[in-house]
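Quick notes on the structure that follows.
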Amino acid sequence: MAEETWMFGPWLPFELADIVAVWHEYRIPILLSTFTALMIFRTVLHLRSPREKLLYTPPILPPLPAEKESLLYDKRVSEEKVPRRIVGGLKKKKSSEDTLQVGDRKIQVLVFFSSLTGTTEKKAKAFLEGLAKSTKNLEDSTTTFPDPQLLDLSYIDYDDYFITPPKTDTETQFFYLLLLPTYNIDTVLDNFLEHLQETHNDFRIDTAPLSPLLGYSVFGFGDREGWPTEEEGFCSQAREVDKWMAKLTGRKRAFPLGMGDSKTNAMQRLEEWKEGVEDVLGHIASTGGLGEGVVGSGDAVESDVEDLDEEDEVLFEEQKVAQRKTKIQKKDVLNDLEDIGSTLNKPMVDPSEPLEVDFTTYSKKARAAPTTIVKEMVPKNSPTYNALTKQGYSIVGSHSGVKICRWTKSALRGRGSCYKYSFYGIASHQCMETTPSLSCSNKCVFCWRHGTNPVGTTWRWVVDPPDMIFAGVKAGHYQKIKMMRGVPGVRAERFAEAMRIRHCALSLVGEPIFYPHINEFTAMLHAEHISSFLVCNAQHPDQLATLKPVTQLYVSIDASNKESLRKIDRPLHRDFWERFNRCLEILRERRFEQRTVFRLTLVKGFNIEDEAEGYAALVEKGLPCFVEVKGVTYCGTSSSAGAGLTMQNVPFYEEVCAFVEALNVALEKRGLKYGIAAEHAHSCCILIASERFKKEGKWHTRIDYEKFFECLESGEKFTPEDYMGPETPEWATWGNGGFDPRDERVFRKGKNKVALTDSQGEVMGE
């Protein structure tokens, strides 16, 4: 057989055996050369894409010579770009004022909008004019605000603004605002959302490519007629843009998402949102950024954690610091103050300092002479201080604290307020939870603080002045509200409302009436028209007797007999039962002077079984205006508290309902005129009310707060009926659950959200 010859050309004959030999000898270099050529070809093809050009670098190729590299990029630069629609004057000629360097830094605000009918565009132009005037007033010697620029999303290249901020001089930093209508037809907003999502999910691009921005905020226009609730689609596209922008900027949401109904309150909500944005810009101008500890600054939580549950706690910066400090402490040192007295400083005080005075012991016997040693209740950096700050408290002075609860966070996000809104009309996002005394005279088994707060029977600590405490708790509360500025879902209008405290719950922890100047403190609250709910543990009758009127006075009734009270409250006073009964007598005397409440906390295995009759006897003795019955909240196990509570001690809501019905029957048997008025199932709480607050068959459990302050300021005697509020809403009454229909109910699992759309395909919400 003739030998076969392969020909690559008339001048280059190769035998097959030679080709095979060459392949075996040089196959790896050949493959690498082929791969390198393909990578060069791919790189040249993709130079048109800013996304590729920005972040893609071939890993194998050596750098190109300078002259070749310039040739490749000159082709890109020479090509004509997509024309832009500049509404606010991006391309205006530079004037002498523009070239004048007034400060060291420029903050350029870019306002993006989308509009099909032109309605949103008109609103955006009006918004821009007002913003331009306001930002000029924020300028100082170090910061200037060039005129804000208005950009239509239909005419810009998204890659120029939403992959990286625009390239400019090093002194200019950008702040984005987006005004977006709501459509249920295909528009440019769908393309915009797709671009944001693809940018975030592109593995070649950093997960937060817009992190150089100073911040951003979004406002949405919706239509309540077409989409009544957020669950059904109200401002859905604005909410989606807000979510993706948070991820792309590293959670630099500078101000909460604003939303308005284009047919009713859009302009009012837009103005409120603008004022909030201006405050943020002023803060940035004065401090250089969003600020430490602010969730919007990107430091508090991960950028991808957008859909937080309403019960999830946001870990603030101050809590992180407290955690780092606590780690260096020895384990098992977080005991009650009574048990760690040897670890605290005990300086000798000046003779002019206040001496130890017994404010609490209910006895006719004379006290021993006071000592001359006085100390702080919660010294800074002590184990107690570190434990409380780790739990989210802001310690004010040496014995006071403030903290926002989960219901405040929930209300800010439109996910419902606590039972106080259903029963009494108190919005949780305008409520400050505080105490002027972190110390308590009980060690209750269900204490939220797991025994980390101090305890005592006498006030033997330094006494802080009430004006200092009042200013400190307000500042601490507002600081914690500001920390919620960047949390996903916070509503702009509620955030603005939250910056005006309307109510104070003196029930955070400890015993508020333990503080010697409690009357002066409540007077400061009332002077600013802040209503007051004060809770005491029925262990300080002398202080209760001298307490001046508050909006609503609570006494915790945790057991119906002496032995049960000893087991569940674990009081420190030996005469705890006598003190308890004396407090009930005082409440009976006060029932025509102010609203009084018995608060019952039900704990299975302690005070729920066969005690309805005993509680009815206590109600007959104290005759409160209201009786609140609530199931205990499980807060985890606590070795320091020594209670040993588990989830088995938490009653189901059905069990709480059964107990309330049994208690109501027991009250009827005694001839007491009470009835089940309202409920808040989400809090596992039910309200029994005196028929004094029932008119024409309708319950009136809510409070007319302005009327209360009028009565208080008149100086004349008044009764609880004088400031009785309007009719209790139907949704809050017994049998209707108690959840505000204006809010969005969030189910953790087992429930799927339903988004309704308009079948006619109309443009809605612009």
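Computed quantities for the displayed model
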item	result
Heavy atoms of Asp542: accessible area, 1.4 Å probe, square angstrom to 10	70 Å²
Charged-residue dipole, Cβ positions (Lys, Arg, Asp, Glu), the stretch 401-732 about Cα centre, Debye nearest 20	960 debye
With DNA, RNA and ligands ignored, accessible area of Lys274 (1.4 Å probe; Å², nearest 10)	20 Å²
Förster radius 60 Å - calculated FRET efficiency between Asn381 and Ala132 (Cβ-Cβ, nearest 0.05)	0.80
Carbon plus sulfur fraction of accessible area for the stretch 401-732, probe 1.4 Å, in percent	51 percent
Accessible solvent surface per residue of the stretch 105-286, calculated while the other protein chains remain in place, 1.4 angstrom probe, Å²	36 Å²
Cβ-Cβ FRET estimate between Lys122 and Glu696, R0 fixed at 41 Å, reported to 0.05	0.25
Members of Lys562/Lys621; Lys122/Lys274; Lys122/Lys252; Lys247/Lys274; Lys133/Lys252; Lys403/Lys482 lying beyond 21 Å, as alpha-carbon distances in this model show	Lys122/Lys252; Lys247/Lys274; Lys133/Lys252
Contact order normalised by residue count of the stretch 384-509, Cα under 8 Å, 6+ apart, percent	37 percent
Around Glu528: net Lys/Arg minus Asp/Glu count, Cβ-Cβ under 12 Å	+3
Within the stretch 105-286: Cβ-based charge dipole about Cα centre, in debye rounded to nearest 20 (Lys, Arg +1; Asp, Glu -1)	420 debye
Approximate spin-label separation Thr458-Thr170, in nm, with each point projected 7 Å along Cα-to-Cβ	6.7 nm
Accessible solvent surface per residue of the stretch 401-732, calculated while the other protein chains remain in place, 1.4 angstrom probe, Å²	34 Å²
Lys/Arg +1, Asp/Glu -1 at C-beta; the stretch 401-732 dipole; positive extreme among Ser714, Cys405, Ile481	Ile481
Candidate residues Arg579, Arg702, Arg599, Arg574: accessible-area rank, largest first, probe 1.4 Å	Arg574, Arg599, Arg702, Arg579
Taking the stretch 401-732 and dividing mean pair separation by its residue count, relative contact order in percent (alpha carbons under 8 Å, at least six apart)	17 percent
Which of Arg745, Arg269 is most accessible, then next, and so on - probe 1.4 Å	Arg745, Arg269
Heavy-atom accessible surface of the stretch 105-286: percent carbon and sulfur, 1.4 Å	46 percent
Label-point separation, Asp722 to Asn561 (7 Å along Cα→Cβ), nm	4.2 nm
Listed residues Met483, Met647, Met524 arranged by accessible area, highest first, probe 1.4 Å	Met647, Met524, Met483
Fraction of the pair-distance distribution of the stretch 155-302 above 22 Å, Cα-Cα pairs, percent	43 percent
Exposure of Asp740 as accessible area (Å², to 10), given a probe of 1.4 Å and all protein chains	10 Å²
Estimated distance in nm for a label pair at Glu225 and Ile185, the labels positioned 7 Å out from Cα along Cα-to-Cβ	1.7 nm
Efficiency of FRET between Asp202 and Ser154 - r from beta-carbon atoms, R0 25 angstrom, step 0.05	0.60
Principal axis dimensions, the stretch 401-732 - Cα atoms, whole angstrom, descending	51, 48, 43
Added length on full extension, which subtracts the Cα-Cα distance from 0.36 nm per residue, Leu672 to Phe747	23.1 nm
Between the stretch 406-484 and the stretch 375-405, the alpha-carbon center distance in angstrom	12 Å
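The values are calculated or read from the model by the stated rules, or taken from the named source; none is laboratory data. Fair warning: this is a prediction, and the values are worked out from it, not measured in the lab. Note: ideal-geometry Cβ built from the backbone for every residue, glycine included; neighbour counts use all protein chains shown. Each accessible area value is taken on the protein alone, full model and side chains, heavy atoms only, with ligands, DNA and RNA left out. Shrake-Rupley method; radii C 1.70, N 1.55, O 1.52, S 1.80 Å.
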